[in-house]
Amino acid sequence: GNATGLALGYDVTSRLSAHYYFTNTTGTFVNNNKSYTHGVELNYILPDFAFSKSGWIHFGTIWGPEHALNNSQWTQRYDLTVSLSPFHKLTLITDCNWVSDPTRTTQPSGRIKKDNHAWGVAQYFIYDYTDRLEFVARGEYYWDQENVLGISGGNGASFAEVTGTVNIRLRENILIRPEIRYDKILSVPGGSSHIWHHQDKNITALIGVSYEF
């Protein structure tokens with residue numbers, strides 16, 4: 001989400017840059033806590049190897065009071081992204097993230113639990129067929145059985161998804177993006193996996209059109 005804050009950056013070397021920032025609670029313009037959310041980002045440009053060109057690594061983390069009117073319980077988020085290009089037109093991007101939320105929640109068993117966690121990993125395959133045509137495939141797995149992210153729309157679950165996208169640039173500033181996505185609930189602690197309209201899987205198809213200026 002969007003936030004208001006201040007960021008400071010420093011180029012440690014020609015390949016490594018570091019950033020520190022603090023913001024209001026994520027998604028707010030006026031802070032609703034007495035403390036701020038803090039973040040650190042590290043970006044490293046990999047040297048070219050025989051098997052990879054134009055690679056980079058990104059590490060980011062935030063920690064702070066992400067719940068309104070609550071200064072004592074701090075959320076932590078960590079994200080690691082690695083991009084490699086083993087071939088001229090093919091890019092592989094791996095993204096891993098982990099979240100810790102200290103909010104007390106009621107589990108399906110009725111037990112009140114705090115320090116809830118979620119984690120996930122995503123793998124992208126990006127192929128630039130031409131300057132105007134690009135194919136993207138993405139696979140993701142998320143463990144959110146403590147319902148930190150709320151992505152499943154239920155009381156917590158682990159699930160996987162596969163997405164296929166085609167980026168078609170008709171003009172320099174006109175992009176058409178047809179996409180199809182398949183989601184599958186793998187496990188729900190203490191409940192049924194049929195949480196999406198009484199099903200454990202979901203298929204979504206859409207077409208996006210954007211004008212860049």
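A probe of 1.4 angstrom, applied to the heavy atoms of all protein chains, finds R77 with accessible area near 100 square angstrom. Summing charges over all other residues whose Cβ lies under 11 Å from the Cβ of I168, with Lys and Arg as +1 and Asp and Glu as -1, gives +3.
The values are calculated or read from the model by the stated rules, or taken from the named source; none is laboratory data. No experiment lies behind these values; they were computed from the predicted model shown. Because the Cβ atoms are built from the backbone with ideal geometry, glycine has one as well, and the counts that use them run over all protein chains shown. These accessible areas exclude ligands, DNA and RNA; they are computed on the full protein's heavy atoms, side chains included. Shrake-Rupley method; radii C 1.70, N 1.55, O 1.52, S 1.80 Å.
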